[in-house]
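The values are calculated or read from the model by the stated rules, or taken from the named source; none is laboratory data. Quick caveat: nothing in here was measured; it's all calculated off a predicted structure. Note: ideal-geometry Cβ built from the backbone for every residue, glycine included; neighbour counts use all protein chains shown.
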Amino acid sequence: MYKKLIILAGALVILLPIVIYFAFPGILYNFLLNAARKSAGLSKKVMTVDNYTVAYLEGGKGDTILLLHGFSGNKDNWTTFAKQLAVNFHVVAIDIPGFGESSKIETESYTIDSQAKRIKKIIDVLGLVKFHLAGNSMGGIIAGKYTAAFPDKVLSLALFDTGGIYSAEKSEFIKLLERGENPFLIDSPHGFDEMMQFIYETPPTIPKRIKVYLTKQMISSREFNEKIWKELAQEMYLLESDLPKINAKTLIVWGEKDRILHLSSTRILEKSLPHATTVIIKGCGHVPMIEKPQETAQHYLEFLNRS
């Protein structure tokens, strides 16, 4: 009898991950997510800011680096990238309200200006006095706007494939928007694949069941994302006019093969930012901190050490 129980227990150990993978892919996905956070030295926390619950990741000690994700992204866009930073820095990556695990309030506004004001309040609640600030895409616009408004608080600025540059050449994504198409508003598995092709030069391999889970999550968020997008579209090019107000040392990081925002944006940023350094990540798309996290983090750390 004892021997049979041992055999049964062994079989369950083998079968349980298989059952979870096929029947409960969300559990497996969250397990892997938490494992990645732990490996990076980050832990999930929650704060209340006005009527919002704001989720964020935090870890490490030293000068603070605040990380802002792009449209339809979340705090975990930075997890692997942040692993190298948390060795010598205090890292905070937030879910910008309206995204990830932070509150999504239908009656609120999610324009760049509204989000920038929320980020200021989040920074005040965190008690950050001086810090390094970095943002990707939409998060880059918000980071730039904040730096222009509060120059004494930002030790350095990093813009990862940032939006907000109206005089750049039109990208494939911008041309699609002009035709009324938006790859970020997912309504089918095919739409998920198309979005991944736009974001990455080489999309990551995702296990089938987890991919189905993520697709369902994106589809369920479509209506709210569409609301946010319509509001953002009114202020899509807000950053360029504020560039002359930014005096902080700035790192411009761009994926060489970015199809979302054209590489020509880097030239405009360089002309307008007196203390800018540019790094182009070869063979990379719109999210270098995800697609090439180690290489991107190394460039960022070198920049921080010079700042």
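If you check Leu185 against the conditions, is it under 21 Å from Asn136 (Cα atoms), surrounded by fewer than 19 Cβ atoms within 10 Å (Cβ to Cβ) and either touching a residue at least 40 places away in the same chain (Cβ under 8 Å) or not basic (Lys, Arg) (or both)? The answer is yes for Leu185.
Restricting the stretch 84-139 to residues that are polar (S, T, N, Q) and assigned to a loop (DSSP other than H, G, I, E, B), the residue that is surrounded by the most Cβ atoms within 10 Å (Cβ to Cβ) is Ser137. Filtering Ile112, Ile96 for residues that are aliphatic (A, V, I, L, M) and modelled with pLDDT under 95 leaves a single hit, Ile112.
Quick grid of which residues meet (1) crowded, with 17+ Cβ neighbours inside 10 Å; (2) in contact with a Leu (Cβ under 8 Å, 6 or more places away or on another chain):
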{"residue": "Glu240", "(1), (2)": "yes, no"}
{"residue": "Asn247", "(1), (2)": "no, no"}
{"residue": "Trp254", "(1), (2)": "yes, yes"}
{"residue": "Leu261", "(1), (2)": "yes, no"}
{"residue": "Pro274", "(1), (2)": "no, no"}
{"residue": "Gly285", "(1), (2)": "yes, no"}
{"residue": "Asn305", "(1), (2)": "no, no"}
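Table: residues versus (1) of a type in the set (Ser, Thr, Tyr); (2) within 25 Å of Gln294 (Cβ to Cβ); (3) within 15 Å of the chain's Cα centre (by Cα).
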{"residue": "Ser102", "(1), (2), (3)": "yes, no, yes"}
{"residue": "Tyr110", "(1), (2), (3)": "yes, no, no"}
{"residue": "Ile119", "(1), (2), (3)": "no, no, yes"}
{"residue": "Lys153", "(1), (2), (3)": "no, no, no"}
{"residue": "Phe160", "(1), (2), (3)": "no, yes, yes"}
{"residue": "Ser171", "(1), (2), (3)": "yes, no, no"}
{"residue": "Ile186", "(1), (2), (3)": "no, no, no"}
{"residue": "Pro189", "(1), (2), (3)": "no, no, no"}
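Inside the stretch 200-221, residues that are touching a residue at least 40 places away in the same chain (Cβ under 8 Å), crowded, with 16+ Cβ neighbours inside 10 Å and either aromatic (Phe, Trp, Tyr) or within 22 Å of Leu32 (Cα to Cα) (or both) make up a count of 6.
Taking the criterion of being modelled with pLDDT under 95 and within 30 Å of Gly62 (Cα to Cα), would at least one residue in the stretch 274-295 satisfy it? Yes: one or more hits.
Residues in the stretch 145-170 that are of a type in the set (Ser, Thr, Tyr) and either at pLDDT 95 or above or not in a loop (DSSP other than H, G, I, E, B) (or both): Tyr146, Thr147, Ser156, Thr162. If I filter the stretch 189-202 for residues that are modelled with pLDDT under 95, closer than 25 Å to Ile252 by Cα and touching an Asp or Glu at 6+ places or on another chain (Cβ under 8 Å), do I get at least one hit? Yes, the stretch 189-202 contains a residue that is modelled with pLDDT under 95, closer than 25 Å to Ile252 by Cα and touching an Asp or Glu at 6+ places or on another chain (Cβ under 8 Å).
Residues that are touching a Pro at 6+ places or on another chain (Cβ under 6 Å) and modelled with pLDDT of 95 or more: does the stretch 30-51 have at least one? Looking for residues that are touching a Pro at 6+ places or on another chain (Cβ under 6 Å) and modelled with pLDDT of 95 or more, one finds none in the stretch 30-51, hence no.
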